[in-house]
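Notes follow the structure.
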Amino acid sequence: MVRRHVPQRFFCAQKRAYLDPTVSMAHVLRHHQVTAADLGLRPTVIVSLVPPLARRLFRQCGTPAPAALRVLHQPLYNPERAFFSCIASPMGAPMAAMLLEQLIALGGRRFLYLGFCGALQPELRIGDLFLPTRALREEGTSYHYLPPTVEPAAAERLTAVLQAQAHGGGLRLHPGVIWTTDAPYRETRAKIRRFQAAGVAAVDMEMAALFAVARYRQCEVAALLVVSDECYHPVWRPGFGAPSLRQACQQAVALALEAAAAIAALPDPGVDGERRIR
């Protein structure tokens, strides 16, 4: 009889996985006859989780020529006169975490994510900028990286940089807790009410997993999310295509570029040598 698995049983304390990302990426590099140095990945990386933000990001960077190899089928860009790289990410916790693992294996250390989120509290409106500080885990990926008792959180240094840059530019960020789910079409009214009562501010599909991977791999991840829809009305209220959302996307990209430049100047918090391809 096969035992049912629940998230609490997903975590395994064994450090080395059967398929390690450094081994996997070394194989890919050999196959394409390039080296990690050929890619030129910088330690600081801006990662976009949604196409509207990715398009704006790449336009602002001048859409430089992509690196010699795609990472998880995504072109990697190294803007001229910048000390950070840019890449788009697949949506959803499993694929976003896989891309993050590969970027870490290639030498990435500090990651600033751009994405969308749904608002659970009426203080958040479409077009607001949200800064997730902690994540409630209702997806499966994070449980493979951290025990169920550990709460994934954003990197404090990177979050502080975002806040400082926003303050200097006259932008307001709304910090708070985010609920990460694998199933957006199962965000029931009962669940929303429960998370609202607990003070959870927003919902997304990736943050808990990305924070968990970063903690496990001793890297840093923070995120800047644009509120794209409001989930606290009797009927769902989307903002896709709204002028306020388009303006917020422009603000988020500009802020991310400024913050990434400041983040790139931070000292490295420490490097786990096993996580890099030799």
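The values are calculated or read from the model by the stated rules, or taken from the named source; none is laboratory data. Predicted model only: the values in this text are computed from it and were never measured. Cβ placement follows ideal geometry from the backbone for every residue including glycine, while neighbour counts extend to all protein chains displayed.
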Legend entry - Hits in the range 160-188 (condition: part of a helix (DSSP H, G or I) and closer than 23 Å to Pro7 by Cα): Pro184, Tyr185, Arg186
Legend entry - Enumeration of residues in the range 57-89 that are part of a loop (DSSP other than H, G, I, E, B) and closer than 21 Å to Ala248 by Cα: Cys61, Gly62, Thr63, Ser89
Inset, instruction - Starting from the range 162-173, keep only residues that are touching a residue at least 24 places away in the same chain (Cβ under 8 Å), then list their pairs with residues that are loosely packed, with under 13 Cβ neighbours inside 10 Å whose Cβ atoms are within a distance under 8 Å, requiring at least 6 positions of separation or different chains. - result: Ala166/Arg172
Legend entry - Counted residues, the range 4-33 - those being assigned to a loop (DSSP other than H, G, I, E, B), hydrophobic (A, V, I, L, M, F, W, C) and surrounded by 14 or more Cβ atoms within 10 Å (Cβ to Cβ): 2
Legend entry - Output for the range 241-256, where each listed residue is assigned to a helix (DSSP H, G or I) and either free of Cβ contacts under 8 Å to residues at least 24 places away in the same chain or over 15 Å from the mean Cα position of the chain (by Cα) (or both): Pro243, Ser244, Leu245, Arg246, Gln247, Ala248, Cys249, Gln250, Gln251, Ala254, Leu255
Inset, instruction - Identify the residue in the range 131-173 that is over 14 Å from Leu225 (Cβ atoms) and among the hydroxyl-bearing types (Ser, Thr, Tyr) and, among all such residues, is farthest from the chain's Cα centre (by Cα). - result: Thr149
Inset, instruction - Specify the residue that is nearest to Pro234 (Cα to Cα); the eligible residues are those in the range 120-150 that are buried (at least 16 other Cβ atoms within 10 Å of the Cβ) and charged (D, E, K, R). - result: Asp128
Inset, instruction - Kindly indicate which of Ala68, Ala36, Ala82 is surrounded by fewer than 16 Cβ atoms within 10 Å (Cβ to Cβ), more than 17 Å from Ala209 (Cα to Cα) and modelled with pLDDT under 95. - result: Ala68
Legend entry - Candidates Arg157, Arg215, Arg194, filtered to the one that is in a helix (DSSP H, G or I) and either on the phi > 0 side of the Ramachandran plot or crowded, with 16+ Cβ neighbours inside 10 Å (or both): Arg215
Legend entry - Selection from the range 208-229 of residues that are in contact with a Lys or Arg (Cβ under 7 Å, 6 or more places away or on another chain) and more than 15 Å from Lys15 (Cα to Cα): Ala208, Cys219, Glu220, Val227, Asp229
